[in-house]
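To start, the structure under review is shown below, and the notes come after it.
The values are calculated or read from the model by the stated rules, or taken from the named source; none is laboratory data. Keep in mind that this is a model prediction, so the values were computed, not measured. Positions of Cβ are generated from backbone atoms using ideal geometry, with glycine treated the same way; all protein chains shown enter the neighbour counts.
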């Protein structure tokens, strides 16, 4: 199939991009790499009168680390995020990037495009949720910051207003002895995951002092596994019941059925993946703790 007809513009400034979005109201869509949007348009799952390409807008690319936060410009490609100093400060960035599609997609697709697309099977939305990212958006009324916990509203639906542009994400840097891990199950390498888990753990003196766990592919949005996090924090690494933690992560899940897997399959996969991710993250954090 081919996309329905649309007009196109590539503004030279953020102000011009916002003005164009205002002009077309909800009949315009931002193009920020196109690795998710173009297939959706080609299959006519959605259609828009106008596309606003952000590739010429200055200041939307790059990764910087300052005051305990990694700032990721929305137009930064997946590959650039993985290679950046920010990925060294927040290791989950590099690990998650490796699961995104194939090399060609990672070289063209953008961090902000993925987050704004709000695909519940996407790695960046789950990472933003797990690490309590703050998402910076600019629109006709100025700039505002949206917590990741409030950003993802449903499948391909976010808290962005029709005339707002996602400018950057601000990801907190964890300190101390930390470990991170990603586990996914997909039919083929590069496919969207049927289920996945992103995990971060901080350990001090043999006890878990901080935990973050997010699941993807199991609902209309990424899911924060708060019950599992609660079970982890304060627990002794040596005495942890990882199977119980994994069970807590999926206890309230009700994943959808589709052509790729049933909801129950996704739930079982998520439990196994959660145990694997937590195990690896704790092992890495505990190793750092013992070195300290």
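Of all residues in region 35-58, at least one satisfies being modelled with pLDDT of 95 or more and within 22 Å of residue 85 (Cα to Cα).
Yes or no, residue by residue, for (1) in contact (Cβ under 8 Å) with a residue 60 or more places away in the chain; (2) in a strand (DSSP E or B); (3) crowded, with 24+ Cβ neighbours inside 10 Å:
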position: 198; (1), (2), (3): yes, yes, yes
position: 215; (1), (2), (3): yes, yes, yes
position: 260; (1), (2), (3): yes, no, no
position: 266; (1), (2), (3): yes, no, yes
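For region 101-129, filtering for residues that are out of contact with any strand residue (DSSP E or B) (no Cβ under 9 Å at 6 or more places or on another chain) and either at pLDDT below 95 or over 19 Å from residue 148 (Cβ atoms) (or both) leaves 5. Checked against (1) within 30 Å of residue 144 (Cα to Cα); (2) part of a helix (DSSP H, G or I); (3) in contact (Cβ under 8 Å) with a residue 60 or more places away in the chain, residue 229 passes all but a single condition, namely (3).
Condition check ((1) surrounded by fewer than 18 Cβ atoms within 10 Å (Cβ to Cβ); (2) under 30 Å from residue 21 (Cα atoms); (3) over 15 Å from the mean Cα position of the chain (by Cα)) across all residues:
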{"residue": "54", "(1), (2), (3)": "no, yes, yes"}
{"residue": "58", "(1), (2), (3)": "yes, yes, yes"}
{"residue": "63", "(1), (2), (3)": "no, yes, yes"}
{"residue": "70", "(1), (2), (3)": "no, yes, no"}
{"residue": "74", "(1), (2), (3)": "no, yes, no"}
{"residue": "81", "(1), (2), (3)": "no, yes, no"}
{"residue": "90", "(1), (2), (3)": "no, no, no"}
{"residue": "94", "(1), (2), (3)": "yes, no, no"}
{"residue": "97", "(1), (2), (3)": "no, yes, no"}
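Taking the conditions (1) free of Cβ contacts under 8 Å to residues at least 40 places away in the same chain; (2) outside any loop (DSSP other than H, G, I, E, B) in turn, residue 234 satisfies each one other than (2).
Scan region 164-191 for residues that are in a loop (DSSP other than H, G, I, E, B) and surrounded by fewer than 21 Cβ atoms within 10 Å (Cβ to Cβ) and jot them down.
The answer is 173, 175, 176, 186, 187, 188, 189, 190, 191.
Among residues of region 1-50 being assigned to a helix (DSSP H, G or I) and in contact with a strand residue (DSSP E or B) (Cβ under 7 Å, 6 or more places away or on another chain), the one that is nearest to residue 116 (Cα to Cα) is 37.
The helices (runs of 4 or more DSSP H) located wholly in region 60-115 that include 2 or more residues which are farther than 18 Å from residue 192 by Cα, in contact (Cβ under 8 Å) with a residue 12 or more places away in the chain and outside the structural domain of residue 192 (by TED's automatic domain parsing) occupy 78-83, 85-89.
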